[in-house]
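These notes are about the structure you will find just below.
The values are calculated or read from the model by the stated rules, or taken from the named source; none is laboratory data. Just so it is clear, the model here is predicted, and its values are computed rather than measured. Don't worry about glycine lacking a Cβ; one is built from the backbone with ideal geometry, like all the others, and counts go over all protein chains shown. To get the accessible areas, we keep the full protein, side chains included, count just its heavy atoms, and leave off ligands, DNA and RNA. Shrake-Rupley method; radii C 1.70, N 1.55, O 1.52, S 1.80 Å.
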Amino acid sequence: MLAASGLLFIAAPLQAQDAPLPPITVGAGLQTSFVHTEPDEADGSDAFALNSVRLYVNGPVTQTIKFMFNTEYNSATNDIGILDAVARLEFSDKFNIWFGRFLPPSDRANLYGPYYSHHWAVFADGVQDGYPFIFQGRDNGAAYWGQFGKVKVSAGAFDGSSATGDDTLIGAGRVQVDFWDPEPGYYLNGTFYGDKNILAIAAAGQVQGEDRSAYNVDFLLERKVPGGGAISVEAEWAKYDGLGGYDGRYRTDDGGYVLGAYLFPQLVGEGRFEVLAKYAHARFRDGLTPVDTDYDQKTTELNLNYVIKQFNARVMMFFKDTRFDAVRTDFMQVGVGLQIQM
């Protein structure tokens, strides 16, 4: 009897160690659009675009060691680039280490990217996601992140030479507090389409050397509407001081935006309609030469979205008006975008 008990005692942890691992997942994403662009005092143009194609591979090596590999089609060069390539050491909610290429701690907009943003013309306002990067907001480096209930923290060091041309490392950090429902995981969403009640406030920043910095505060409020809809407000203020920014001719780029949306609860066919509006104001200062005069950019965007399966199937009709008080030419865009993921 004692021998049998001993064998059972030894076998139990062996069985736990040999527990089946979660399956490897393979997915894909597509964004395509038709856009009419109308510059002031110039002829307009029409274009069909294959904006983005992504392939996703995620899987476990052990219960705590995981791997993420994602690719992105570059429409400018017609090449395929490495988006994410990450060794994920995930021991608990409170202790996770990532190595490789991924999104550094930064603003919410960078951490949700174009596929999980709330609006179509993301990263076109001079404010959102102006942090330096190698490719699509990513950089090579290492970071710690942890979830402490409704508080999420992250910090890391990232390669400087490939992102900015300076071989000094870039330090990055972010602290987020979720006052209502928590948001698990490192990457974020621009909306939850009524699945959660969100009230989140965060601050993030990056530094390189003694005189180059970028930092922001961001905010998301989302409240469920009876029947399946949601009301959302997103906002951000950011400053890029010698690090990142939207115009390399200027040392300082700062500004903010506010976005509001309402997802109607009524089903229309297979989806729900959503109306969205966003206004952003960015300022470009400290030009490299006297010829580079200061200027402001004001961006207004309106969306009428048809949300079929949240981020996996949505059609986004958009209008965007971009105005400058100097240096650049005003222009307007109207179009429709389609996003599919599996």
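Observations on the structure shown:
- Nonpolar atom fraction for segment 200-286, defined as the carbon and sulfur part of the 1.4 Å probe accessible area, stands at 60 percent.
- Within straight-line cross-link reach of K94, lysines at Cα separation under 21 Å, skipping those fewer than 8 residues along the same chain: K66, K150, K152
- For the chain, adding -39500 (n - 2.57) for each run of n ≥ 4 DSSP H residues and dividing by the number of residues yields -2000 deg cm²/dmol at 222 nm.
- Rounded to the nearest 10 Å², the accessible area of L263 at probe 1.4 Å: 10 Å²
- Relative contact order (percent, whole number), the chain, Cα cutoff 8 Å, 6+ residue spacing: 14 percent
- Taken over the chain, the convex hull of the Cα atoms encloses 168 Å³ per residue.
- For the chain, built as a Gaussian network whose Cα springs stay under 10 Å, the top-fluctuating residue of I24, I308, I134: I24
- Sequence of M332, M317, M342 when ordered by accessible area, the most exposed leading, probe 1.4 angstrom: M342, M317, M332
- Those GluC sites (Glu not before Pro) in segment 212-295 that DSSP places in a loop and that have at most 16 other beta carbons within 10 Å: E270
- A Gaussian network model of the chain, with springs between Cα atoms under 10 Å, assigns the largest mean-square fluctuation among A76, A313, A172 to A76.
- The chain: angle of helix 2-17 to the longest principal axis, Cα-based, in degrees nearest 10: 10 degrees
- Residue with peak Gaussian network fluctuation, the chain [Cα springs, cutoff 10 Å], from Q208, Q63, Q31: Q63
- For K224, a cut-off of 16 angstrom between C-alpha atoms picks up these lysines, skipping any fewer than 8 places away in its own chain: K196.
- Accessible surface ranking for F331, F158, F67, 1.4 angstrom probe, highest first: F67, F331, F158.
- Solution diffusion estimate, µm²/s, Stokes-Einstein, segment 83-240, Kirkwood Rh from C-alpha pairs, 25 °C, viscosity 0.890 mPa s: 153 µm²/s
- Given +1 at the Cβ of Lys and Arg, -1 at the Cβ of Asp and Glu and no other charges, the dipole of the chain around its Cα centre is 1260 debye to the nearest 20.
- Options G156, A109, Q128, ranked by Cα towards positive dipole end of segment 56-191, top entry (Cβ charges): G156
- Cα-based equivalent ellipsoid of segment 205-291: semi-axis lengths in Å, sorted from largest, via gyration tensor: 38, 14, 9
- Summing charges over all other residues whose Cβ lies under 10 Å from the Cβ of G190, with Lys and Arg as +1 and Asp and Glu as -1, gives -1.
- Estimated translational D of segment 155-222 in µm²/s (Stokes, Kirkwood radius over Cα pairs; 20 °C; 1.002 mPa s): 156 µm²/s
- Selected from A282, G337, Y306, residue furthest toward positive end of dipole (segment 282-342; charges at beta carbon): Y306
- Positive-end residue of L83, M68, S52, charge dipole of segment 47-95 with Cβ unit charges: M68
- Solvent-accessible heavy-atom area per residue, rounded to whole Å², over the chain at 1.4 Å: 47 Å²
- Net charge of the neighbourhood of Y144, taken over other residues with C-beta under 14 Å away and scored Lys/Arg +1, Asp/Glu -1, is +2.
- Residues F34, F102, sorted by accessible area with the largest first, give F34, F102 [1.4 Å probe; ligands and nucleic acids excluded].
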